[in-house]
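Input: a single structure, listed below in structure tokens.
The values are calculated or read from the model by the stated rules, or taken from the named source; none is laboratory data. Keep in mind it's a predicted model, so treat the numbers as computed, not measured. Positions of Cβ are generated from backbone atoms using ideal geometry, with glycine treated the same way; all protein chains shown enter the neighbour counts.
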């Protein structure tokens, strides 16, 4: 943002007292554009504003006027309201009044007032510039007598700017330049004796350089009211650090105690089981398997039956499957076996297994319900008419047996089964099941009081 | 597909295992001899027996397995690499995929999986070990459970064995199988504890107590051996329970458990450390220290842990809680050194070996490097050393990524690195920034005011690269917030009909905070408040006012806020609102009369019993671990009032601003914060009270200007103006 020393020299040469007194605005513009490109304009403009704010840095009126003109010239091709320094023009045309009685003497941030002639020039510039204006020199403008001339109307620009500013948050408008004039009241060196308030060109040049050039030059900064932002306190936790306790355990590798003891029986069983997954075993083989299982209750965990393999076993050797499942009842994996069983494809064998299981042990009722729903939906979705009839008959017989054996409570599945019976009423077994349901349903209200009286 | 493949695998397994030759009587004899040698810890002779056996049965995976085990024991657990290789060879022979615990289908392979889990445990790959054991437990658990007990005497493979000896081996076998179940259970509990899941661990302990370890009782009195075993496990179970309870911070049950432990094994180091931990958690720090001191610190425990490291670390924890941070840091540093030394010793012993081998299995995972870094980092942060703390924690967070509080601590390091404390504004060095200097001389003398204390220097590079910047802090805080369970405030959009469930569920959830104990619901709530406050602050520092406002609003909505957090919430919210041009709202928030409480902790709502349990001297140590300013209500109010003045100034209400500034400056305490000089100068200069400003400058920043203001001049308007002097 700050200017380089070379750029500053160029700018000051354009704004020098001599040049501004003798050259026309046109030629000032030409030499300005000779030095600066469009990208430089904003930072040059900012520097010009800083110079304008300090009366001693652009002491001559022609310099000031030329500076104001350059602010205009830089953005001449844009509409005036889009000029980033348009607010400066408005500010110059309506200078803040200094209320001296309230102890206000010196607004360091304000640009000093300008003469009526200059005002006339500026307002014409921003409202309706003519080519002739640019042919004049700043000196000519200042000497102009404008008392009889009509002022140009700049309220349009003011309005546009006011509107744009109202959209900006107050905070962004609260900044103040951080360069404050602090004119020495007493001479600070022998050179200054007897010459109070006289401009020293060397000191002036030095001051401008230190304000406008270099790293973090004051021209880049501004000052605005700032909050005291308190950092939050450190989080308070009562138990945060890692306390260390010795672990009084020795976790070491274990010896495989089943080495060489898994006798022929174990191996034979596993061989039989792997066969059983693939096809039906002979009666003799089945018996052998069941005998071995009978001998050792733990053996069932060693035969390599996983839930995933259960459907194969059920399809090929339902009897073995029942026997094995009964032995697995105590396992904590039994629910996994059940869920596989419930979800496997419905068949005569799976139904047989479930049926046998229901008579042998008490199965969770939700399991049975799930299975029944599964059966019913299988019957409904199957396409093959012959197979369907066969399956429906099976399901009906199965359900009748469940109901007769009081393994399920009819009430829980009444609606579902009734709908099933009606859908397949063409099949004799379904009609039979329906009658059974009806008889139970009508008998039910009488049954209950008798049960209660007992 | 996967199922099919698994099926094929096991089919293949059946086919290849079939040609496994029958076990002859002599081989059986060899095997049982080897086992009894192993039991007698005669690993040398056991190894030679195994060599004979493997020569006869080269394709038997179990023989290969046990040979590897025997050799590993024989080496004194020094050959971990070799053992792992052997183990994977065994897996190939048995057609087992050790990396996939899902493939475990056969209890016969459970020992292999168990051993793999043991190795993983020692390598501190707890999650992997846990995966295996979780699965293994399903298979192994029925073997050890009491159902089997009744079949104790019906031995299995008696068809061909009539020898008395065999009977012994068989029943012993079953005993061994149960032993494996017990071992697995123990390791499972340990792993749950290592992964900070105390509830699961406790559940497992309870379950195991009922089933696995009571086998003997169900079987009746006929087998004394069983009962003895059960007794032997009892203290271990009690130790586990205590550790679970400590981790869950349920002090009452813990007290009972510890009491019974102390009555039976008061000399056990582990027990003493647990007791000390317990006292420490209760706030009885002196007692805790005494307990620690009572243990003679031999260098290593049997499990290969370095006692001096633990001793110093725990002393550090205690001093941290006594707010003796520098002493705490000293002990942590010492623990650190001990840890380094211990590792060095082991490495030296292992130099000629490759990789893992050369260290005993127990000492592979011995280093507590990252836990110590974590403790050290937090301790240093409380010493006010933000940068060293940051360096420690940034390393620790790579290991303990799931700890939301650790992420907050990292963010706090960043915050502190950029603002040491809130009194920083009052330092001379900050006040000197108000006027940066002067340029020129004579008529051209200029004062350069500072641009303010706010620093907007965007950090170079991406915030994802850890550095103590606000950008990185924002990232940390985001992580922290994500790691917390969903805010009950935002989650509770469902109508709260059954208030019971709503109340209970947050209590149940423990949020992991490794390597510390998991967070309870109350701690999560307070952590959330701290994270939100820090997030709002960091967002302000990054000029992200929308986000700051969001966090501040969220903070103020939290049900349990400390006084300080509410106060800060208001300040942050106001600052964000001013930036977003909602100054009227901000002015209301900044009313200094609203500041009524700035305490850093929640009001104590402990029950009477809780209080009486604690040592009287210990109770005061809770709370402030690190000083925070403003310390008193007056100053806090003054700061709010200063901010109020700022808000007025921004709105152009200079009279009100000046009035509030004046009042605030008389209460805020000296030295005044630099911001106050800024605002004072700003107000004077913007209204053109140049002389007034000069008085302030000359009084407070006299070195920058030679120009004294004669007070008389104030009444005389005729001060020569620079521009009149020219021309």
Filter pass, residue A:92 being away from every other protein chain (no Cβ under 14 Å), surrounded by 20 or more Cβ atoms within 10 Å (Cβ to Cβ), modelled with pLDDT under 90 and under 23 Å from residue A:20 (Cα atoms): yes
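Which ranges mark the helices (runs of 4 or more DSSP H) fully within segment A:265-330 that have 1 or more residues being over 53 Å from the mean Cα position of the chain (by Cα), modelled with pLDDT under 85 and crowded, with 17+ Cβ neighbours inside 10 Å?
On the way: elements: A:283-295, A:310-316, A:318-328.
Counting at least 1 such residues, we get A:283-295, A:318-328.
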Filter pass, residue A:189 being at the interface with chain B (Cβ under 9 Å from one of its Cβ atoms), farther than 24 Å from residue A:89 by Cβ and at pLDDT 85 or above: no
Filtered residue count, segment B:421-451, keeping only those that are surrounded by fewer than 22 Cβ atoms within 10 Å (Cβ to Cβ), part of a loop (DSSP other than H, G, I, E, B), touching a residue at least 12 places away in the same chain (Cβ under 8 Å) and within 9 Å of chain A (Cβ to nearest Cβ): 2
Filter pass, residue B:591 being on the phi > 0 side of the Ramachandran plot, surrounded by fewer than 18 Cβ atoms within 10 Å (Cβ to Cβ), out of contact with any helix residue (DSSP H, G or I) (no Cβ under 6 Å at 6 or more places or on another chain) and touching a residue at least 24 places away in the same chain (Cβ under 8 Å): no
Single residue of segment A:56-67 satisfying the filter (buried (at least 21 other Cβ atoms within 10 Å of the Cβ) and within 19 Å of residue A:8 (Cβ to Cβ)) that is nearest to the other protein chains (Cβ to nearest Cβ): A:56
Of the criteria (1) more than 9 Å from chain A (Cβ to nearest Cβ); (2) assigned to a helix (DSSP H, G or I); (3) at pLDDT below 95, which one residue B:547 fails: (3)
Single residue of segment A:218-250 satisfying the filter (more than 25 Å from residue B:522 (Cα to Cα) and modelled with pLDDT under 85) that is surrounded by the most Cβ atoms within 10 Å (Cβ to Cβ): A:248
Qualifying residue in segment A:225-247 (condition: within 30 Å of residue A:335 (Cβ to Cβ) and either assigned to a loop (DSSP other than H, G, I, E, B) or more than 7 Å from every other protein chain (Cβ to nearest Cβ) (or both)): no
Residue check for residue B:31: closer than 30 Å to residue A:305 by Cβ, at the interface with chain A (Cβ under 9 Å from one of its Cβ atoms), part of a helix (DSSP H, G or I) and at pLDDT 85 or above: yes
Filter result for residue A:359 (farther than 21 Å from residue A:290 by Cβ, in a helix (DSSP H, G or I) and modelled with pLDDT of 80 or more): no
Failed criterion for residue A:38 (all others in (1) under 46 Å from the mean Cα position of the chain (by Cα); (2) surrounded by 15 or more Cβ atoms within 10 Å (Cβ to Cβ) hold): (2)
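So which of B:538, B:524 ends up being under 24 Å from residue B:473 (Cβ atoms) and touching a strand residue (DSSP E or B) at 6+ places or on another chain (Cβ under 6 Å)?
B:524
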Hits in segment B:649-660 - residues which are within 9 Å of chain A (Cβ to nearest Cβ) and either in contact with a helix residue (DSSP H, G or I) (Cβ under 6 Å, 6 or more places away or on another chain) or more than 17 Å from residue B:687 (Cβ to Cβ) (or both): B:649, B:650, B:651, B:657
Subset of segment B:49-83 [closer than 15 Å to residue B:32 by Cβ and surrounded by fewer than 19 Cβ atoms within 10 Å (Cβ to Cβ)]: B:52, B:56
Test for residue B:395: is it more than 15 Å from residue B:703 (Cα to Cα), modelled with pLDDT of 90 or more, more than 10 Å from chain A (Cβ to nearest Cβ) and touching a helix residue (DSSP H, G or I) at 6+ places or on another chain (Cβ under 7 Å): yes
Yes/no for residue B:415 being modelled with pLDDT under 90 and within 28 Å of the chain's Cα centre (by Cα): no
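Please indicate, with yes or no, whether at least one residue in segment B:402-415 is surrounded by fewer than 20 Cβ atoms within 10 Å (Cβ to Cβ), touching a residue at least 60 places away in the same chain (Cβ under 8 Å) and closer than 30 Å to residue A:251 by Cα.
Taking every residue of segment B:402-415 in turn, at least one turns out to be surrounded by fewer than 20 Cβ atoms within 10 Å (Cβ to Cβ), touching a residue at least 60 places away in the same chain (Cβ under 8 Å) and closer than 30 Å to residue A:251 by Cα.
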